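Colleague: Attaching a single structure in structure tokens format; questions to follow.
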Amino acid sequence: MIFSHPKKSLYEHLNNVEKIGSRILDSKKLNFSIIDLKTVKKINSISLFCHDLGKTTSFFQDYIISVNKNAKNSKYKNHGLLSAILAFIIAKKLLDNDLHSFIVFILVLKHHGDLDNFENYFSKLKCDDEVDILNKQIKAINYIELEEILNSFKFNIPANILNQDSVKSTISYVGKTLFMLKIKRIIKNMEFYILINLLFSVLIFSDKTDAIFYGANEDIDRYFKMKNNKKIIKSALVDNFKNSLKSSNKKMVLKRNEIYNDVVESISEMNLKNRILSINLPTGAGKTIISLKSALVLKERLKQECDLEAKIIYILPFTSIIEQNYDVFKKIINSNDTRVLMKHHYLSEREYLDSDGNSEDLDYGITEHLIETWESDIIVSTFVQLLHSILSNKNRKLKKYHNITNSIIILDEVQSIPYKYWKLVRELFIYMSKILNCYFIFITATMPLIFSENNKEIFELAKYKEKYFKEMFNRYDVDTKYLKKTMDLSEFCLVLHSDIKLNSDKSYLIVLNTVKSSIYIFENLKELFKNEIEFYYLSTNVIPKDRMTKITEIKNTKKRKVVVSTQMIEAGVDIDLDVVYRDFSPMDNINQTAGRCNREGKNKIGKVYIVKLIDENTNREYSSYIYDYILLNSTENILKNIDKFNEKNVFELSYKYYNELEKYGSDNESSILIERMELLKYREAFTYGDNKYIFKLIDDEFKTIDVFVETDEESIEVWNEYQEIFNIKNRFKRKIEFDKIKPRLHRYIISIPEKILKRHIEIEECKLNYINNDMIFDLYDYDTGFKRENEKDYVF
């Protein structure tokens, strides 16, 4: 018998992988124009069944059944390239098309690695060492067993097409084929990129699924059973939840209900050919609940009218705000079943629960695999998780790509996508909507012009959005008088002191651009007012546990309060204050901050002031340390002749701002990435030097170091657990144990710029850095976090 894994027959593995992958693709509705669906399914089936045929050599069999170190370390046991050659021969015979056979070749070749540049596949076959290894492997194939395996394949493979001569001659033929495809530029189409990503995802997911279930002594049929018997989530559940909410502000409830009904009516009646959708509403209009309702209504329509089983993927810009949105969805759905609702980010728990909220009693490897590949009906995750899965060459990222197909993808706070990627996102989403039957719903109060509503590229679900901005919501005024001249921090303190003292019944939010400036303002104001007011400081300089405690206190305290923060307050931190001061920033940041002013629409109008602060040491504006010049300049152009505006003007000003960006912004980076993707230059498109990732949503100009801060008994306990886990020698066991404590561990971790941290502690390269309880007094303050005395680095 030929084995694929210890004590598992190769035939059983290939048969299982083909069964899993074919069922996945059969369940998808696809609309490729470059290739018919029947051929796509055939390419898929061939790559699935043939992906491990190279394991039929005596070299690999010696390795899989032997404890001989020489067999384990032998380069001849490698099976990727040989499997790809064998798969190409079979594909050429069954498909009679060089291009389609080439797709099979690269899928099989790279199924244990990352997708490469097109031309590198050709160069691999020109390498004398590789050809020499292949020739020795070809002689070592057990052709009798191989033919027996192929005879069981559902496609009728002609007898004896695989022998030493045919395999040898194919090596040069494949090389010539790749060379001709390269010369003729046959492949220069985004559809090929999407096709290869989809089929590669199906293959690596199916291969890993069978291997992981087998490794856990589980029959693969359990995987299929787990996908069935799930609770069906009906859109009416959102209505029930919304009606159960209580609010003292009846006028606000009526406004939100009107908007809710408007959007639901639109999604219920719209033409399903509209696949790029938007919900452009003022901050605090209830977009989270509206978006879930819209997605569930659309899901029901797609099932009923198109027989399409759509997944819902809810995407947010930051990990820190996933929990609150996930908790809302969980209350609406009233289920703990991970197969129905899942949150996924790098800190999420690795638990896969059944309909009763109990563990499925699954092996850790299975649990992690199902979570990492989004095996759920509704997923709550981040922009990074989504975009790094559709813009990647990485095996571990692409294994969830097939689960993004046929999805309703909600992008909350879509303005978080940098302008330089607008063109890339626009083009890719259009292709995905057409080919993969994906629906995209953009949600924000400040809609970027990625798609043009005027040109009917995007369909707005809030039919009366201009009315909502201009008539229904008037909760704050924005005063720009301070923009006419700059202030240093000491001058700004005097302005704040006077205002806070004069308005003794008001609560205040002050948002600064850097940690340095925010700490200065906080400490000086707190000293000026002593114990008259409750002061709170929020920034990423404070450990997450303390931040969450403070946010809860801010929401619940009835006392007068002043909150000083960096721009982290903009990302879904649901607090409500009377007066807001904001250091100058791009227009969408200003609007997001303003959304924290008089959020619940009390009787009086809230006040928002925009100031322009400078560092007195350099005479440089603090905003310039953080934001791109084009974003700031576009905002300046919009506001330069405006002394005051209110919430009614936000819609119009946002539109003008994004038009300014289109005038001066550059989409060169998008154009380069698009061209490389079309030419299948995967490695060139997505990685450079040391395998670093090119496509990045957040620019990390400053190198930061993670530091664990020991502040209480719980932190001491979790640090001791981490120490024990770090010393576990078995890598897999160490990872399992680390994943269990990771959420608790990260409650005490902050990221500090390396150049600042190394002034205070000796940095350890291979281990989490640590501030113990004895060092707290010198290095960490509960109010403001890590102590940055004499800081000259302007990071946030």
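The values are calculated or read from the model by the stated rules, or taken from the named source; none is laboratory data. Being a predicted model, the structure only gives us computed values, none of them experimental. Because the Cβ atoms are built from the backbone with ideal geometry, glycine has one as well, and the counts that use them run over all protein chains shown. The protein model used for the area step is the full one, side chains on, heavy atoms only, and it has no ligands, DNA or RNA in it. Shrake-Rupley method; radii C 1.70, N 1.55, O 1.52, S 1.80 Å.
Colleague: Can you name the condition, by its number, that residue 590 falls short on among (1) modelled with pLDDT of 90 or more; (2) surrounded by fewer than 24 Cβ atoms within 10 Å (Cβ to Cβ); (3) not in a strand (DSSP E or B)?
Modeller: Only one criterion in (1) modelled with pLDDT of 90 or more; (2) surrounded by fewer than 24 Cβ atoms within 10 Å (Cβ to Cβ); (3) not in a strand (DSSP E or B) is unmet by residue 590, namely (2).
Colleague: So which helices (runs of 4 or more DSSP H) stay within the stretch 199-270 end to end and still have 2 or more residues that are surrounded by fewer than 18 Cβ atoms within 10 Å (Cβ to Cβ) and either at positive phi or at pLDDT 90 or above (or both)?
Modeller: 236-244, 250-269
Colleague: Assess whether residue 191 counts as being of a type in the set (Asp, Glu), open to solvent by less than 70 Å² (accessible area, probe 1.4 Å) and farther than 30 Å from residue 437 by Cα. So that I can check it myself, show each step before the final result.
Modeller: Values: of a type in the set (Asp, Glu): yes; open to solvent by less than 70 Å² (accessible area, probe 1.4 Å): yes; farther than 30 Å from residue 437 by Cα: no.
Criteria not met by residue 191.
Colleague: Something else: When you scan the stretch 596-635, how many residues do you find that are more than 22 Å from residue 659 (Cβ to Cβ) and open to solvent by less than 10 Å² (accessible area, probe 1.4 Å)?
Modeller: 9
Colleague: Let me ask something else about it. Is the stretch 605-628 home to any residue that is under 17 Å from residue 578 (Cβ atoms) and of a type in the set (Asp, Glu)? If you could, list the steps in order and put the result at the bottom.
Modeller: Of the stretch 605-628, the ones under 17 Å from residue 578 (Cβ atoms) are 605-610.
Filter once more, keeping what is of a type in the set (Asp, Glu): none.
No, every residue in the stretch 605-628 fails to be under 17 Å from residue 578 (Cβ atoms) and of a type in the set (Asp, Glu).
Colleague: In addition: Quick one: how many residues across the stretch 553-570 are modelled with pLDDT of 90 or more and polar (S, T, N, Q)?
Modeller: Residues in the stretch 553-570 being modelled with pLDDT of 90 or more and polar (S, T, N, Q): 2 in total.
Colleague: Moving on to the next point. Taking the condition of being more than 41 Å from the chain's Cα centre (by Cα) and open to solvent by 50 Å² or more (accessible area, probe 1.4 Å), how many residues in the stretch 151-171 meet it?
Modeller: 10
Colleague: Filter the stretch 108-119 down to the residues that are within 16 Å of residue 78 (Cα to Cα) and buried (at least 19 other Cβ atoms within 10 Å of the Cβ) and list them by number.
Modeller: Those that are within 16 Å of residue 78 (Cα to Cα) and buried (at least 19 other Cβ atoms within 10 Å of the Cβ): 108, 109, 110, 111.
Colleague: Hey, does the stretch 521-532 have a residue that's in contact (Cβ under 8 Å) with a residue 40 or more places away in the chain, closer than 23 Å to residue 707 by Cα, in contact with a helix residue (DSSP H, G or I) (Cβ under 9 Å, 6 or more places away or on another chain) and crowded, with 18+ Cβ neighbours inside 10 Å?
Modeller: no
Colleague: Given the structure, is residue 516 charged (D, E, K, R), in contact with a strand residue (DSSP E or B) (Cβ under 9 Å, 6 or more places away or on another chain) and part of a helix (DSSP H, G or I)?
Modeller: For residue 516, the condition - charged (D, E, K, R), in contact with a strand residue (DSSP E or B) (Cβ under 9 Å, 6 or more places away or on another chain) and part of a helix (DSSP H, G or I) - is met.
Colleague: Pairs, please: C-beta under 6 Å, at least 6 apart or cross-chain, first residue in contact (Cβ under 8 Å) with a residue 60 or more places away in the chain and in the stretch 208-220, second among the acidic types (Asp, Glu)?
Modeller: Between residues of the stretch 208-220 that are in contact (Cβ under 8 Å) with a residue 60 or more places away in the chain and residues that are among the acidic types (Asp, Glu), the close pairs are 216/363; 220/210.
Colleague: Report every pair of residues separated by at least 6 positions or lying on different chains whose Cβ atoms are under 6 Å apart, first residue within the stretch 551-578 and assigned to a helix (DSSP H, G or I), second open to solvent by 40 Å² or more (accessible area, probe 1.4 Å).
Modeller: 568/540
Colleague: Follow-up. List pairs: first in the stretch 135-156 and in contact (Cβ under 8 Å) with a residue 40 or more places away in the chain and under 11 Å from residue 56 (Cα atoms), second of a type in the set (Gly, Ala, Ser) and open to solvent by 50 Å² or more (accessible area, probe 1.4 Å), Cβ under 6 Å, 6+ apart or cross-chain?
Modeller: Filtered contacts from the stretch 135-156: 140/58.
Colleague: Could you tell me which of the residues 394, 400 is under 15 Å from the mean Cα position of the chain (by Cα) and surrounded by 21 or more Cβ atoms within 10 Å (Cβ to Cβ)?
Modeller: None of the others qualify; the one that does is 400.
Colleague: Among the residues of the stretch 64-72, are any under 30 Å from residue 389 (Cα atoms) and in contact with an Asp or Glu (Cβ under 9 Å, 6 or more places away or on another chain)?
Modeller: No, there is no match, as no residue in the stretch 64-72 is under 30 Å from residue 389 (Cα atoms) and in contact with an Asp or Glu (Cβ under 9 Å, 6 or more places away or on another chain).
Colleague: Condition first: open to solvent by less than 10 Å² (accessible area, probe 1.4 Å) and hydrophobic (A, V, I, L, M, F, W, C). Now tell me which residues in the stretch 410-435 satisfy that.
Modeller: 410, 411, 414, 417, 424, 425, 428, 429, 432, 435 - these are the residues of the stretch 410-435 that are open to solvent by less than 10 Å² (accessible area, probe 1.4 Å) and hydrophobic (A, V, I, L, M, F, W, C).
Colleague: While we're on this one: Across the stretch 121-170, what is the number of residues that are modelled with pLDDT of 80 or more and in a helix (DSSP H, G or I)?
Modeller: Selection size over the stretch 121-170: 28.
Colleague: With respect to residue 389, determine if the residue is polar (S, T, N, Q), assigned to a helix (DSSP H, G or I) and either under 12 Å from the mean Cα position of the chain (by Cα) or closer than 16 Å to residue 677 by Cα (or both).
Modeller: Spelling it out, residue 389 is indeed polar (S, T, N, Q), assigned to a helix (DSSP H, G or I) and either under 12 Å from the mean Cα position of the chain (by Cα) or closer than 16 Å to residue 677 by Cα (or both).
Colleague: While we're looking at this one, here's another question. Return the residues of the stretch 14-43 that are among the hydroxyl-bearing types (Ser, Thr, Tyr) and open to solvent by 20 Å² or more (accessible area, probe 1.4 Å); say none if nothing qualifies.
Modeller: Within the stretch 14-43, the first condition is being among the hydroxyl-bearing types (Ser, Thr, Tyr), and the residues that meet it are 22, 27, 33, 39.
Of everything in the stretch 14-43, those that are among the hydroxyl-bearing types (Ser, Thr, Tyr) and open to solvent by 20 Å² or more (accessible area, probe 1.4 Å) turn out to be 27, 33, 39.
Colleague: Pairs please, first residue from the stretch 282-303 and more than 13 Å from residue 461 (Cβ to Cβ) and in contact (Cβ under 8 Å) with a residue 60 or more places away in the chain, second anywhere and assigned to a helix (DSSP H, G or I) and among the small types (Gly, Ala, Ser), Cβ atoms under 9 Å, 6+ apart in sequence or on different chains.
Modeller: From the stretch 282-303, the pairs are 283/594; 296/236.
Colleague: Need at least 2 residues that are of a type in the set (S, T, N, Q) and surrounded by fewer than 23 Cβ atoms within 10 Å (Cβ to Cβ) per element, so show me which strands (runs of 3 or more DSSP E) inside the stretch 273-383 make the cut, counting only ones lying wholly within it.
Modeller: Per the criteria, 378-382.
Colleague: Additional query: Within the stretch 1-111, considering only helices (runs of 4 or more DSSP H) that don't extend past its boundaries, which have at least 3 residues that are in contact (Cβ under 8 Å) with a residue 40 or more places away in the chain and either in contact with a Pro (Cβ under 6 Å, 6 or more places away or on another chain) or over 20 Å from residue 213 (Cβ atoms) (or both)? Show your work before the answer.
Modeller: Working: elements: 10-26, 37-50, 58-65, 69-73, 80-95, 98-109.
In the stretch 1-111, 37-50, 58-65, 80-95, 98-109 are the helices (runs of 4 or more DSSP H) which contain 3 or more residues that are in contact (Cβ under 8 Å) with a residue 40 or more places away in the chain and either in contact with a Pro (Cβ under 6 Å, 6 or more places away or on another chain) or over 20 Å from residue 213 (Cβ atoms) (or both).
Colleague: When the residues of the stretch 475-499 are filtered to those that are touching a strand residue (DSSP E or B) at 6+ places or on another chain (Cβ under 6 Å) and open to solvent by 50 Å² or more (accessible area, probe 1.4 Å), which remaining residue is farthest from residue 617 (Cα to Cα)?
Modeller: Across the stretch 475-499, the extreme among qualifying residues is 482.
Colleague: Of the conditions (1) under 24 Å from the mean Cα position of the chain (by Cα); (2) at pLDDT 90 or above; (3) buried (at least 18 other Cβ atoms within 10 Å of the Cβ), residue 705 fails just one. Which one is it?
Modeller: Just one mismatch for residue 705, condition (2).
Colleague: Mind listing whichever residues of the stretch 263-294 are within 22 Å of residue 326 (Cα to Cα) and acidic (Asp, Glu)?
Modeller: none
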